[in-house]
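K.L.:
Before we start, here is the structure in question, set down as structure tokens.
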Amino acid sequence: MHQLTQDELGLQQRRLDMASPQEILQWAVEQYEQKLVVVTSFQITGIVTLHMMRQFTHNVQVVTLDTGLLFPETYKLIDDIEKRLDITVQRVKPEQSLSQQAREHGSLLWETTPDKCCQLRKTMPLKKTLANYDAWITGLRRDQSPTRANIPVIDWDDRYGLMKFCPFATWTEDMLWTYIKAYDLPYNILHDRGYASIGCYTCTRAAAGRAGRWAHSSKTECGIHFAPASEVSPASA
Ligand code: SF4
């Protein structure tokens with residue numbers, strides 16, 4: 001894959017910003033082939049992403065960050081999606097087990113220092129995984145939060161050193177639900193119990209939008225996409 005120059009990137013940003021998610025995904029697959037990976041936590045955007053891709057390719061490489069602290073409903077959903085879409089999800093685990101982390105950092109790191117916990121269980125394993133790829137697909141959308149309001153559909157990701165796609169940047173939650181219902185796709189049943197956004201069970205409460213994520217602290221992002229002030233950059237971790 002030839003790396004895009006700044007001018008080429010600007011051109012693609014303008015072009016793809018007006019394209020449909022299907023067109024963006026197709027272009028990404030054509031450009032990056034085996035060096036493209038979908039990273040998903042199986043929110044509704046991730047499920048629609050995988051279903052759309054399976055309409056035109058068998059080459060779907062998928063990674064999820066298995067912190068060891070996901071809801072049982074999320075683990076079941078991952079199994080269900082693998083069967084329904086005939087894909088294999090790579091479950092990337094942290095270097096430390098939960099008991100090793102507890103010995104080193106205390107048994108409630110997600111309460112005492114959640115940024116550190118996310119760094120150990122999400123950001124660092126992700127950085128190691130993304131080193132094998134040239135581009136990644138995420139489920140970020142502009143309607144999710146003020147920090148995400150201006151995300152581009154395609155951009156160079158300086159934090160991890162590869163191209164980053166947000167094919168659903170311009171979609172809304174309602175549009176995704178319409179798609180999921182239209183194709184009768186599996187989804188996390190916690191959504192039916194009031195959880196709009198779902199992460200580790202230790203840090204997720206039932207709430208609208210992303211209000212239920214780290215509701216016990218001032219934290220609003222895990223650090224994968226936007227580095228919290230307290231976090232050491234994954235590049236130096
Ligand atoms: S979401 Fe909570 S438990 Fe999960 S990695 Fe982050 S701080 Fe730790």
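K.L.:
Could you tell me which numbered condition K181 fails, if it satisfies all but one of (1) basic (K, R); (2) farther than 14 Å from I44 by Cα; (3) away from the ligand (no atom under 16 Å from the Cβ)?
P.N.:
With respect to (1) basic (K, R); (2) farther than 14 Å from I44 by Cα; (3) away from the ligand (no atom under 16 Å from the Cβ), K181 is out only on (2).
K.L.:
Please find, within the stretch 191-213, the residue that is farthest from the ligand (Cβ to nearest atom) out of those that are of a type in the set (D, E, K, R) and surrounded by fewer than 17 Cβ atoms within 10 Å (Cβ to Cβ).
P.N.:
The extreme case among them is D192.
K.L.:
Out of the stretch 106-140, which residues are over 27 Å from T49 (Cβ atoms) and surrounded by fewer than 16 Cβ atoms within 10 Å (Cβ to Cβ)?
P.N.:
G106, S107, L108, E111, T112
K.L.:
Is there a residue in the stretch 228-235 that is outside any loop (DSSP other than H, G, I, E, B), within 16 Å of the ligand (Cβ to nearest atom) and modelled with pLDDT under 90?
P.N.:
The answer is no, given that none of the residues of the stretch 228-235 is outside any loop (DSSP other than H, G, I, E, B), within 16 Å of the ligand (Cβ to nearest atom) and modelled with pLDDT under 90.
K.L.:
Go through (1) farther than 27 Å from Y183 by Cα; (2) over 14 Å from the mean Cα position of the chain (by Cα); (3) in contact (Cβ under 8 Å) with a residue 60 or more places away in the chain; (4) in a loop (DSSP other than H, G, I, E, B) one by one and return the number of the condition E95 breaks.
P.N.:
Among (1) farther than 27 Å from Y183 by Cα; (2) over 14 Å from the mean Cα position of the chain (by Cα); (3) in contact (Cβ under 8 Å) with a residue 60 or more places away in the chain; (4) in a loop (DSSP other than H, G, I, E, B), E95 violates only (3).
K.L.:
Among (1) in a helix (DSSP H, G or I); (2) away from the ligand (no atom under 16 Å from the Cβ); (3) modelled with pLDDT under 95, which single condition is E111 missing?
P.N.:
Every condition holds for E111 apart from (2).
K.L.:
So which of R15, R103 is surrounded by 13 or more Cβ atoms within 10 Å (Cβ to Cβ) and of a type in the set (D, E, K, R)?
P.N.:
R15
K.L.:
Here is a further query. Filter the stretch 29-40 down to the residues that are crowded, with 22+ Cβ neighbours inside 10 Å and either more than 18 Å from the chain's Cα centre (by Cα) or not β-branched (V, I, T) (or both) and list them by number.
P.N.:
The one that is crowded, with 22+ Cβ neighbours inside 10 Å and either more than 18 Å from the chain's Cα centre (by Cα) or not β-branched (V, I, T) (or both): L36.
K.L.:
For the stretch 54-97: of the residues being over 20 Å from N188 (Cα atoms) and within 14 Å of the ligand (Cβ to nearest atom), which is surrounded by the most Cβ atoms within 10 Å (Cβ to Cβ)?
P.N.:
So the residue we want is P94.
The values are calculated or read from the model by the stated rules, or taken from the named source; none is laboratory data. These numbers come from a predicted model, not from an experiment. FYI the Cβ positions are ideal-geometry reconstructions off the backbone, even for glycines, and counts take in every protein chain you see.
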